[in-house]
Amino acid sequence: KDLKGKVHLFAGSEDNFDLNASLMAFRKKAESLKADIVIEEIPGADHFSLWTPEFVERVHREMDHVIQGSRL
């Protein structure tokens, strides 16, 4: 319960180490448990190209939103 809505997992759809397959298997398990987490496969990204400047900015915005929300 302490982690509700705070866990976000990402992998590129073309991950060089096939981590996207593990991520999608974990997604099925999380959904079956009704876990409140975000699991996202980024289309076209591999293990080394996932963290583009745009993606980093998006993650920072999402983190800021959560932090600001928790201060209210």
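Can you give the relative contact order of the chain as a percent, counting alpha carbon pairs under 8 Å and 6+ residues apart?
On the way: 71 pairs, mean separation 27.4, N = 72.
About 38 percent, as a whole number.
Across the alpha-carbon atoms of the chain, the computed radius of gyration and Dmax are 13.5, 41 angstrom.
Can you pull the Rg over Rh of the stretch 1-40, Cα-only, Kirkwood? If you can, show how the numbers build up before the last one.
Details: Rg = 10.7 Å, Rh = 10.6 Å.
My calculation of the ratio gives 1.01.
Under 14 Å of direct C-alpha separation, and excluding same-chain neighbours fewer than eight residues apart, LYS28 reaches these aspartates and glutamates: ASP36, GLU40, GLU41. Placing +1 on the Cβ of every Lys and Arg and -1 on the Cβ of every Asp and Glu, with no other charges, gives the chain a dipole of roughly 540 debye about its Cα centre.
Over the stretch 1-66, with every protein chain in place, what whole percent of the accessible area is carbon and sulfur at 1.4 Å, could you tell me?
Numbers: 2900 of 5010 Å².
Exposed carbon and sulfur together represent 58 percent of the surface.
Seen from ALA45, the other residues with C-beta closer than 10 Å to its C-beta sum to a net charge of -4, counting Lys and Arg as +1 and Asp and Glu as -1.
Solvent-accessible surface of the stretch 7-72, averaged per residue with a 1.4 angstrom probe and all protein chains in place: 75 square angstrom.
The values are calculated or read from the model by the stated rules, or taken from the named source; none is laboratory data. Model, not experiment: these values are computed from the prediction. Cβ: placed from backbone, ideal geometry, glycine included. Neighbour counts: every protein chain shown. When the accessible area is computed, the model is the full protein with side chains, heavy atoms only, and any ligands, DNA or RNA have been set aside. Shrake-Rupley method; radii C 1.70, N 1.55, O 1.52, S 1.80 Å.
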